[in-house]
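This report refers to the structure that appears directly beneath it.
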Amino acid sequence: MTTPLVIKLGGRVLTDAAALTQLFTTVHKLAALRPLVLVHGGGDQVQDLLQRLGEVSTKTAGQRVTPAEHMPIVTGVLAGDINSQLCALAQQHGLNSVGLTLQAGETLVCDVDTRRGAVGIPKPNNSQLLQLLMESQYLPILSSIGASADGQRLNVNADLAAAAVAQVLDADLILLTDVAGILDRDGLLIDSINATQAPQLISDGVVRDGMVVKLNAALQAAQHSRRSIAVAGWQDANALTRLAKGEAAGTRIRY
């Protein structure tokens with residue numbers, strides 16, 4: 001089988017119906033090039049519902065703090081509302097989608113990040129289920145809900161989840177974002193970042209907030225696969241097609 005491609009969806013594209021439709025037009029084209037797996041988050045939607053329910057939600061170092069009592073809400077939004085929406089949209093575009101969580105088939109296992117509550121630290125575990133689905137021409141769509149060894153449901157950062165899924169499949173990885181890639185202080189695209197450069201960019205504040213998590217997730221996946229990982233904007237369909245073909249676009253994270 002051709003090397004799979006894992007694509008992480010998140011950000012504003014998940015709240016924009018027209019943008020999602022356009023993105024899945026591109027995903028359909030990419031699926032003709034190689035096997036695909038989609039991983040998604042949905043932090044904006046979780047935040048919105050928590051606020052409407054009068055709950056307080058905070059982040060630390062770009063990752064959400066999730067009290068255990070929030071998990072029914074988080075799970076309902078991610079594994080229920082968003083995942084089913086993405087599966088339905090994929091099927092409208094001729095893609096035979098299957099909605100899953102991270103623990104399906106024990107694809108990933110999670111340690112508990114006790115500093116952030118019911119938050120999982122994902123680790124690659126078993127590729128069998130995803131391999132079987134891809135070989136049968138299905139498109140797995142994974143929400144970023146995991147589980148601990150004792151069965152506790154956990155909220156997992158979607159960038160870290162996608163990196164772990166890429167590791168378990170020995171796949172290429174594209175982390176989609178709301179901007180063209182990782183930008184410098186002047187808002188210009190940084191074409192390439194390696195493991196030596198990354199800590200300085202973070203300490204200088206060039207890379208900050210949620211993009212720090214994205215960069216670290218990309219470095220983790222790149223070091224495992226010994227291949228570069230892409231951080232790119234979802235708006236540019238041509239860039240995504242180039243990336244699927246192994247060509248340059250967005251920011252390349254190199255080991």
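Okay, here's what the table says:
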| quantity | calculated |
| --- | --- |
| 5 angstrom amide H check on LEU139, placed H, neighbours 5+ away | ASN96, SER97, VAL98 |
| Relative pair counts by distance (%), Cα atoms of region 37-196, 10 Å bins | 10, 36, 35, 17, 1 |
| Separation between Cα centres of region 200-255 and region 11-69, rounded to whole Å | 18 |
| Burial ranking of peptide ranges 155-167, 4-16, 109-121 (average Cβ count within 10 Å, highest at the top) | 155-167, 4-16, 109-121 |
| Rounded to whole Hz, the Karplus (6.51, -1.76, 1.60) HN-Hα couplings of region 56-68, x for glycine and proline | 9, 10, 10, 10, 9, 6, x, 10, 6, 7, 10, x, 4 |
| Amide H contacts of ILE182 (H built 1.01 Å from N, under 5 Å, at least 5 apart or other chain) | ILE190, THR251 |
| Candidate lysines for bridging to LYS214, where Cα separation is under 23 Å - those fewer than 8 sequence places away on the same chain excluded | LYS8, LYS59, LYS123, LYS245 |
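Every number in this text was worked out from the coordinates using simple rules, so none of it is lab data. Just so it is clear, the structure is predicted and the values come from calculations on it, not from any experiment. Positions of Cβ are backbone-derived with ideal geometry, glycine not excepted, and every protein chain shown enters the neighbour counts.
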